[in-house]
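For reference, the structure discussed in these notes is given below.
The values are calculated or read from the model by the stated rules, or taken from the named source; none is laboratory data. What you see is a predicted model, and the numbers here were worked out from it, not measured in a lab. Note that we place each Cβ from the backbone using ideal geometry, even for glycine, and neighbour counts take in every protein chain shown.
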Amino acid sequence: MTEEKPQPNPYDRYKVKTTLSGKPLEKIISPFWVSGFKEENPVIDEITVDGKIAISKCHVETQHVSPFDGKYHLSVSGALALIFQTAIVHGHVLSARDEKTTEILLTDFNITLTKMIMQTSDITVKLELYAHSIIEPTGRRQNPRSFFSSRFSICDDAWWGKIQGSAPFR
């Protein structure tokens, strides 16, 4: 007769307490984090603004190839750069500003990734403004502040989400 071994409690894993650094950390951390993000160079070729809609046509100049499958995958950090720069240009055009002269703050961002984006050209970022408000100067604040909220889609909803930002102008 064989003795039954007690089954480990699957929730015991949540009791682990450790600190990783050096080689143990290097073995687990993403190769993209270690060096790949330095290799990825997303580029906006053009942005078309049509009222509440802004569409960027983009490509990736240089890419990091995954050591796991030998292919390129657009990174979230690369996508964020394309999305945020499109939003900055969109806000400036809507506010009749032809030059960036101040910092724009990313105030909120969420993204849903439904499939990998593996292409390096013909990357389309579409923003649709759904809210814009302006707070006039009061007290210590000397400039008005605009708040922009947009939905975005990359490559026809392969990735989508919302972005919000604020700028010290109308």
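Quick notes on this structure:
- Condition check for GLU99: closer than 30 Å to ARG170 by Cβ, part of a loop (DSSP other than H, G, I, E, B), at pLDDT 90 or above and not hydrophobic (A, V, I, L, M, F, W, C): yes
- The set of residues from the range 102-143 being closer than 14 Å to GLN85 by Cα and part of a loop (DSSP other than H, G, I, E, B) comprises THR102, GLU103, ILE104.
- Taken over the range 118-147, the residue count meeting the criterion of being in contact with a helix residue (DSSP H, G or I) (Cβ under 9 Å, 6 or more places away or on another chain), modelled with pLDDT of 95 or more and either over 16 Å from PRO42 (Cβ atoms) or of a type outside the set (Val, Ile, Thr) (or both) is 3.
- Filtering the range 48-66 to residues that are of a type in the set (Val, Ile, Thr) and surrounded by fewer than 19 Cβ atoms within 10 Å (Cβ to Cβ) leaves THR48, VAL49, ILE53, ILE55, THR62, VAL65.
- Condition met for PRO67 (more than 26 Å from LYS126 (Cα to Cα) and in contact (Cβ under 8 Å) with a residue 12 or more places away in the chain): yes
- Among residues of the range 98-123 that are surrounded by fewer than 12 Cβ atoms within 10 Å (Cβ to Cβ), those with a beta-carbon under 8 Å from a residue that is in a loop (DSSP other than H, G, I, E, B) and of a type in the set (Asp, Glu) at least six positions away or on a different chain give the pairs THR114/ASP157.
- Taking the numbered list (1) surrounded by 10 or more Cβ atoms within 10 Å (Cβ to Cβ); (2) of a type outside the set (A, V, I, L, M); (3) out of contact with any Phe, Trp or Tyr (no Cβ under 9 Å at 6 or more places or on another chain); (4) more than 30 Å from SER95 (Cβ to Cβ) in turn, GLU4 passes all entries but (1).
- When restricted to residues that are more than 20 Å from VAL49 (Cβ to Cβ), touching a Lys or Arg at 6+ places or on another chain (Cβ under 7 Å) and touching a residue at least 40 places away in the same chain (Cβ under 8 Å), the range 124-166 contains 1.
- Looking across ILE83, ILE55, one residue alone is among the β-branched types (Val, Ile, Thr) and in a strand (DSSP E or B). It is ILE55.
- Single condition THR48 does not satisfy, out of (1) in contact (Cβ under 8 Å) with a residue 24 or more places away in the chain; (2) within 20 Å of ASP156 (Cα to Cα): (1)
- Within the set THR62, THR86, the sole residue that is out of contact with any Gly (no Cβ under 9 Å at 6 or more places or on another chain) and without any contact (Cβ under 8 Å) to a residue 24 or more places away in the chain turns out to be THR62.
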